[in-house]
Amino acid sequence: MIRFGPAGIPLSCKGRTLRDGIEDVHGLGLNAMEVQMVRVNVIDRFPDEEEVGLTPLEVESDLIMEIVRVKNKKEVRLTRPTEKIKEDDGLITLASGLAQNFIELRELGEMGKEMDVQLSMHTPYYMDLASNSELTDRCMDNIRWAGIMTDQMHGCLVDTHLGLAPEKIKKQAKKNITENITEIMGWWEDNKIRPKLGFETSGRNEVFGSLEEVLEMCDKIKGTVPVINFAHVHARENGALRDPSDFGELLDKVREYVDGHFYTHFSGVEHEGGNEKRITPIKKGDLKFEPLADFLAEENPNITIISSSPLLEHDAMYMKVIYERVLTKRVAKEGKVKKSDKGRDEDDEEEIGYEGLGMDDGEEPEEPKAKPRPEKPAPVKNEKPAHKSEKKPAPKPPEKPKAPVKPPVKPSTPVKKKR
Ligand SMILES: [Zn+2]
């Protein structure tokens, strides 16, 4: 199964809740959404009278991530949401804007299942597991909490960065990161957290997470998987991802680590000297999606491709359209080959424009932000994009593409020739 979806609530989504986001993703014909843990406000408080005896799973007023309890004069932190709250406990609650409480998280999980939108979560962008400072403690908390929340949402994976590790402190940084992740994964196992923990390949040399570093960590620590960010790999390898085989070789390198499911990010990227300068819409920059689409049509792997482009869902749909077109062409070509040996490829260079997705090229943000900011809608024109209509019946779940058997479903979005 090949899944496409945005890194966050779609920009064009009217509502800003996860519920709105999942519905919107489904309505756009996409089938994955990576929830962004952006704002993390931690509030310590004491339980109300009526909360004593309840578990965090049952409390409606807040999302209670931890119970702080004094046992034998020592403070312990209880992270299992099934633990009963006692009168003298302290409660650590998380105001993240993602969900009010556990009840809502579980409802979101049900929604995702019903609408076939695969959920996952990205930890806050700034991660520091290397310095062993106070910040490292907070980062480790965030990863654990993302694990609990994603588990409750029946999500498949928590995607995280690892931290800065410039060359001169690389050795120590690697040691610290490894120890911290090992500790987190011990907790992961004790708490029976089901989603995998994924390490995203980094786009800059000073950030820990070259493909080799990520794989080395995954080798050492059970339950962890690599997350391929194609734009980052492309940048660090000086624009190495060009042909379908380049993508194939990259995925081959991580195949034995991912337990049958590749989880990846795609976007455009500007790069220089082996470093990412900025993440861009897919149509800008020299990382093209077409060769990956070719590879996907050929191999039909089980893969999730999250658009982390500043155009979020627009580029997720753009990728889906390209992929479906490649698939259609393959099938058509095979038909032609059977009829006659004369293959005609005159329209091979046809280009898909954003206008085919209900937006003009002119709508691309002037200065693409380095990171998608899901809480702020992008500057879009007043009129509704053509692909969005509120009362539109939900599209049929896309048929499982099985190249090269039968003609694939027509792309759900009209593909226009670029004028
Ligand atoms: Zn990331």
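Each reported figure results from applying straightforward, stated rules to the coordinates on display, with no laboratory input. Remember, predicted model here, so these are calculated numbers, not experimental data. We place every Cβ from the backbone using ideal geometry, glycine too, and count neighbours over all the protein chains shown.
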| request: Report, in debye and to the nearest 20, how large the dipole of the stretch 42-95 comes out about its Cα centre when Lys and Arg carry +1 and Asp and Glu carry -1 on their Cβ. | output: 500 debye
| message | If neighbour count is taken as other Cβ atoms inside 10 Å, put SER267, SER12 in order from fewest to most. | response | SER12, SER267
| request: Could you please rank TRP145, TRP187, placing first whichever residue has the fewest other Cβ atoms within 10 Å of its Cβ? | output: TRP187, TRP145
| request: May I ask you to list the chymotrypsin sites (Phe, Trp or Tyr not before Pro) in the stretch 93-139 that are in a DSSP loop and have at most 14 other Cβ atoms within 10 Å of their Cβ? | output: TYR125, TYR126
| query | Relative contact order of the stretch 42-95: what whole-number percent is it, with Cα pairs under 8 angstrom and at least 6 residues apart? | reply | 52 percent
| query | How high is the relative contact order of the stretch 117-244, given as a whole-number percent (alpha carbon pairs under 8 Å, six or more residues apart)? | reply | 24 percent
| Virtual spin-label span in nm between LYS222 and LYS192, 7 Å along Cα→Cβ | 1.6 nm
| By its C-alpha gyration tensor, with a ≥ b ≥ c as the square roots of the eigenvalues, how is the stretch 151-209 shaped: rounded for a/c under 1.5, else prolate for a/b larger than b/c, else oblate? | oblate
| Based on Cα positions only, what radius of gyration and what Dmax would you give for the stretch 166-298, in angstroms? | 15.6, 45
| Listed residues ILE43, MET65, LEU78: farthest to the positive end of the dipole of the stretch 42-95 (Cβ charges) | LEU78
| task | Go through LYS171/LYS220; LYS171/LYS222; LYS192/LYS320; LYS168/LYS192; LYS196/LYS283 and tell me which ones have a Cα-Cα distance over 26 Å in this structure. | result | LYS192/LYS320; LYS168/LYS192; LYS196/LYS283
| query | Name the GluC sites (Glu not before Pro) in the stretch 229-330 that are in a loop by DSSP and that have at most 12 other C-beta atoms within 10 Å, would you? | reply | GLU256
| message | At 7 Å along Cα-to-Cβ for each site, give me the label-to-label distance between ARG242 and ASN41 in nm. | response | 5.0 nm
| Can you give the relative contact order of the stretch 3-121 as a percent, counting alpha carbon pairs under 8 Å and 6+ residues apart? | 32 percent
| message | Under a crude label model (7 Å from the Cα following the beta-carbon direction), how far is GLU107 from TYR257 in nanometres? | response | 3.8 nm
| request: May I ask you to evaluate 6.51 cos²θ - 1.76 cosθ + 1.60, the Karplus curve with θ = phi - 60°, for each residue of the stretch 151-163 and list the ³J(HN,Hα) values in order in whole Hz, giving x for glycine and proline? | output: 4, 5, 8, 6, x, 8, 7, 10, 9, 9, 8, 10, x
| query | In what sequence do CYS156, CYS139 fall when counting other Cβ within 10 Å, fewest first? | reply | CYS156, CYS139
| Can you give the extra length, in nm with one decimal, that the chain gains between THR182 and LYS86 once fully stretched, where that is 0.36 nm per residue apart less the Cα-Cα distance? | 31.5 nm
| Sites matching trypsin sites (Lys or Arg not before Pro) across the stretch 215-298 that sit in DSSP coil, with at most 12 neighbouring C-beta atoms within 10 Å | LYS222
